[in-house]
Amino acid sequence: MLTGRPPFRAETAAETERQILAEEPVPPRRLNSKVPADLQTICLKAIEKQTHRRYATAVELAADLERYSRGEPIRARPVSWLEIGWRWSKRNQAIATAIASLALLLTVSVFGSVWAAVHFRTLATIKSKLAQTNEDKRLAAESAVFRETQLRSQAEDLSSEIRHSLYLTEMNLAGQSAMLSNGLDRTR
């Protein structure tokens, strides 16, 4: 009455029966946009395929229609998007399985990519720190070699100075010894 046609319509009675068993009814608002949402909800609940989801009695249906006509909130609730998706997946199992597999693959790919990016970034950070540590050690080693070279040079200069001073001291003593008696023997 709301749409001008039955909820299931096919060319043969057998095809109509198949639609009733296998398909969900077309929501009345899709066929007639002037049908109010609450009235559509009441109608869809009344022809629900699962008996436990339908009105338990005609009195409950009449009460909801009465509430609707008075402009009060109805008790029936529209089917959620989750329920619509679940029903569709039960009717189209192959497609639903393919979509679920694709979604799982995409999810695993995204998480795998994120994990790999974090892992490689961590490795790059560690490599950078190791390179910096190695560079610091190399510079410290070069500094130590440079300091050792400086100290060696200073030690050689000091040793040369001491040898020179010792030589001068020995020559001075030799000169003084030469002036004494038996000085030449001492000087030698």
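The values are calculated or read from the model by the stated rules, or taken from the named source; none is laboratory data. Not measured: the values here are computed from a predicted model. Neighbour counts run over all protein chains shown; Cβ positions are idealised from the backbone, glycine included.
Values for this structure:
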read-out: Test set (1) out of contact with any Phe, Trp or Tyr (no Cβ under 9 Å at 6 or more places or on another chain); (2) at negative phi - residue 71 fails condition number; value: (2)
read-out: Options 99, 74, 42; residue that is under 40 Å from the mean Cα position of the chain (by Cα) and among the aliphatic types (A, V, I, L, M); value: 99
read-out: Top-ranked residue in segment 17-57 [being touching a residue at least 60 places away in the same chain (Cβ under 8 Å) and part of a loop (DSSP other than H, G, I, E, B); ranked as surrounded by the fewest Cβ atoms within 10 Å (Cβ to Cβ)]; value: 23
read-out: Matching entry among 123, 106, 139, 102 (being without any contact (Cβ under 8 Å) to a residue 60 or more places away in the chain and under 24 Å from residue 24 (Cβ atoms)); value: 102
read-out: Single unsatisfied condition, residue 117 versus (1) among the aliphatic types (A, V, I, L, M); (2) under 30 Å from residue 28 (Cβ atoms); (3) not in a loop (DSSP other than H, G, I, E, B); value: (2)
read-out: Residue selected from segment 58-105 under the condition surrounded by 12 or more Cβ atoms within 10 Å (Cβ to Cβ) and not in a helix (DSSP H, G or I), by the criterion modelled with the highest pLDDT; value: 74
